[in-house]
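Below is one structure, written out as structure tokens; comments come after it.
The values are calculated or read from the model by the stated rules, or taken from the named source; none is laboratory data. Predicted, not measured: the structure shown is a model, and the values here were computed from it. Glycine also receives a Cβ, built like all others from the backbone with ideal geometry; neighbour counts cover every protein chain displayed.
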């Protein structure tokens, strides 16, 4: 279906005019709350996610027997890099063959500002939260019919905002569906467990997808309860699959499953190439050089790890044999050495004045060097060691987060042994 804006919808768009396809099964795949995570950073093994991995999961079901739906919250902010990611995600949805995207009010505003909605055609439908609070009109809702188990089932998908919409409006929208047998799917933005109850009681939805607050998906409703209520998790690390069947009475039955997007899944070449294009756009945009930097306190400056060598030869030499000393090279290998979101954890002081700017302009500040953990060294060096190094210092957890270093939590001592570069008792 082609995407387009309409006045705030009071009824669902009619299903496609061609005859409903006859299918042996129907599977709905859900993603959402990607928050700009196009791909896991790759700094450690065992990480989940990556757009290029999704086709391996989707392809388990023939295209004629599935619907691919995304619930929105595409990016975290509105910085230039977020806007680049937003465009990339729209292209990815096309390559992946998505059927409908449920945009949040904020998503709709960003899409409008980038010219991705008005006057544009996409191979997927765009549906969105109500625009009364933002002045942005809500795009049309989505409906598609299938002949399943001898009956014709209309799958109706709509997106509403729990803060600005009402369950009664959703019920009116779903009631306009032109089929006796319906599966009403509600994407409920800005929702939490406390705000969902009125929608479960009055929206007419058979399936409600809520805003995620955790990385892993959660089924919030009791097994077998109606409506089925769940979240899809954050950062694209999981997909949710809902198998649909029709009972003899024509009532849809739903089976929910959480699927992890694991690193051992094969890459789809077209999606992998899209990510390389993203890397090139980020590089060409000079986001690294233009990264916002704040002054260091008390006139401190970064001096680089080599300035520590004359007095700390043992420590410097041993540090040079550790993975931290070649951290920047790992980014070069995968083409992420111009991406500020990656570089900041592989260099010295990128977010501070006198810190890392680029490999060409500040080569001495590449890698996780001495001053990352010990603080800027200018005054320490000038005083021949009399002045102690002070803040700002980066703690391990600033970079070894669950998102970037999945094996760190619970294994802190093992990681510390890997970087030991000092005299032991």
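Mind telling me which of the residues 417, 333, 413 ends up being closer than 30 Å to residue 272 by Cβ and without any contact (Cβ under 8 Å) to a residue 12 or more places away in the chain?
Numbers: 417 fails: closer than 30 Å to residue 272 by Cβ; 413 fails: closer than 30 Å to residue 272 by Cβ.
333 is the lone residue from the list that is closer than 30 Å to residue 272 by Cβ and without any contact (Cβ under 8 Å) to a residue 12 or more places away in the chain.
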Could you check the stretch 348-373 and list, in sequence order, the residues that are closer than 11 Å to residue 305 by Cα and buried (at least 18 other Cβ atoms within 10 Å of the Cβ)?
348, 365, 366, 367, 368, 369, 370, 371, 372
Need at least 3 residues that are at pLDDT below 95 and farther than 22 Å from residue 241 by Cβ per element, so show me which strands (runs of 3 or more DSSP E) inside the stretch 1-108 make the cut, counting only ones lying wholly within it.
none
Which condition breaks for residue 308 when tested against (1) within 30 Å of residue 217 (Cα to Cα); (2) surrounded by 20 or more Cβ atoms within 10 Å (Cβ to Cβ)?
(1)
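Determine if the stretch 210-219 includes at least one residue that is within 30 Å of residue 248 (Cβ to Cβ) and buried (at least 17 other Cβ atoms within 10 Å of the Cβ).
So in the stretch 210-219, the residues within 30 Å of residue 248 (Cβ to Cβ) come out as 219.
Filter again for buried (at least 17 other Cβ atoms within 10 Å of the Cβ), leaving none.
Looking through the stretch 210-219, none of the residues is within 30 Å of residue 248 (Cβ to Cβ) and buried (at least 17 other Cβ atoms within 10 Å of the Cβ).
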Give the residue that is surrounded by the fewest Cβ atoms within 10 Å (Cβ to Cβ), with candidates limited to residues of the stretch 336-347 that are in contact (Cβ under 8 Å) with a residue 24 or more places away in the chain and over 14 Å from residue 371 (Cα atoms).
341
Do the conditions hold for residue 102, that is, is it under 23 Å from residue 156 (Cα atoms), surrounded by 19 or more Cβ atoms within 10 Å (Cβ to Cβ) and out of contact with any helix residue (DSSP H, G or I) (no Cβ under 8 Å at 6 or more places or on another chain)?
yes
